1. I'm told Ala217 meets every condition in (1) part of a strand (DSSP E or B); (2) over 21 Å from Gly143 (Cβ atoms); (3) aliphatic (A, V, I, L, M) except one. Can you identify the failing condition by its number?
2. Yes or no: region 201-214 includes at least one residue that is surrounded by fewer than 19 Cβ atoms within 10 Å (Cβ to Cβ), closer than 30 Å to Ile162 by Cα and of a type in the set (A, V, I, L, M).
3. Among (1) more than 24 Å from His140 (Cα to Cα); (2) at pLDDT 95 or above, there is one condition Ser45 misses while meeting the rest; what is its number?
4. Could you check region 141-193 and list, in sequence order, the residues that are within 30 Å of Pro53 (Cβ to Cβ), in contact (Cβ under 8 Å) with a residue 12 or more places away in the chain and assigned to a loop (DSSP other than H, G, I, E, B)?
5. What is the number of the single condition among (1) within 19 Å of Ala93 (Cβ to Cβ); (2) in contact with a helix residue (DSSP H, G or I) (Cβ under 6 Å, 6 or more places away or on another chain) that Arg141 does not meet?
6. Out of all the residues in region 194-206, is one or more of a type in the set (Asp, Glu), touching a Lys or Arg at 6+ places or on another chain (Cβ under 6 Å), under 16 Å from His112 (Cα atoms) and assigned to a loop (DSSP other than H, G, I, E, B)?
7. Given the conditions (1) surrounded by 12 or more Cβ atoms within 10 Å (Cβ to Cβ); (2) out of contact with any strand residue (DSSP E or B) (no Cβ under 9 Å at 6 or more places or on another chain); (3) in a loop (DSSP other than H, G, I, E, B); (4) of a type outside the set (A, V, I, L, M), report the number of the one that Tyr242 does not fulfil.
8. Just name the residue that is nearest to the chain's Cα centre (by Cα) out of those in region 106-123 that are part of a loop (DSSP other than H, G, I, E, B) and either within 24 Å of Gly143 (Cα to Cα) or touching a residue at least 40 places away in the same chain (Cβ under 8 Å) (or both).
Amino acid sequence: MEPESVVSMSEEALKSCPVGVRHFEVAGFDPPVDRAPPEAGRARSRYAAPGPPAPTVRTSVELNLRLPSRAVVPARVITFRDLADGGEHVAVALGEQVAARRAGRPPLVRMHSECLTGDVLCSARCDCGPQLREALEALHREGGYLLYLRQEGRGIGLYSKIDAYALQDDGLDTFAANRALGFADDERDYEVAAQMLQALGVGAVELLTNNRTKTRALESFGISVVRQRPTGVFETPENSRYLAAKAEAGRG
């Protein structure tokens, strides 16, 4: 005799039940699914697993920023849920009152990959810090978003970037050093940048970059880049070799 806790029901009997009755849970019972071979154009089963949730804004916090010009200006820092890589990327909205007067023009956007040595320590070895400071001033003047992407060292991470620095000291350029460590020239993925913009309700942008790869990546994920605006050139004796390698690779 079967235990009383187990309920047996044929698939045919289950199909005859009202929909609300079909969606119960019984120990040891799997809901019926269509096990026929898939066919082109066939509707998905009601029990098929849903896709990943669309990214949304998690938190938006107002704070004042001190710009390189020493002006203190209002901004918002925005975090997100359900980004594709699970990273803690943030958007910084600046010049919102200016943006409201742009008469329908898309916002200015700077996609900036995290660089501890350049952004925080002001290393002269790269141009990341000057590019970030330039972007903050432009965004305040014109209105838009800084997308600060947690992709240190073109996506290889901080420790590996320092390892790459050691190889550069031995004569390799920035891309050859990455390859010597077993990485691609550029490990970054810009899907999260497109997801951040979509969560913010932004479908078209003016993109502040010298890197066509960023433009093509955004467009491939459905963001219209109406204009690509170049950044300044911040060359010094310390970073000239790095900038030359970027220019040769088309990633200026």
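1. Result: Ala217 passes all but (1).
2. no
3. Every listed condition holds for Ser45 apart from (2).
4. Listed by number, the residues that qualify are Gly143, Arg150, Gln151, Ile156, Asp186, Glu187, Arg188, Asp189, Tyr190.
5. (2)
6. The first filter runs over region 194-206 and keeps only residues of a type in the set (Asp, Glu), leaving 206.
Keeping just the survivors that are touching a Lys or Arg at 6+ places or on another chain (Cβ under 6 Å) gives 206.
Filter once more, so that each one left must be under 16 Å from His112 (Cα atoms): 206.
Going one step further and asking which of them are assigned to a loop (DSSP other than H, G, I, E, B), we end up with none.
Within region 194-206, none of the residues are of a type in the set (Asp, Glu), touching a Lys or Arg at 6+ places or on another chain (Cβ under 6 Å), under 16 Å from His112 (Cα atoms) and assigned to a loop (DSSP other than H, G, I, E, B).
7. Among (1) surrounded by 12 or more Cβ atoms within 10 Å (Cβ to Cβ); (2) out of contact with any strand residue (DSSP E or B) (no Cβ under 9 Å at 6 or more places or on another chain); (3) in a loop (DSSP other than H, G, I, E, B); (4) of a type outside the set (A, V, I, L, M), the lone unmet condition for Tyr242 is (3).
8. Residue satisfying both the conditions and the ranking: Glu114.
The values are calculated or read from the model by the stated rules, or taken from the named source; none is laboratory data. Just so it is clear, the structure is predicted and the values come from calculations on it, not from any experiment. Virtual Cβ from ideal backbone geometry, glycine too; neighbours counted across all protein chains shown.
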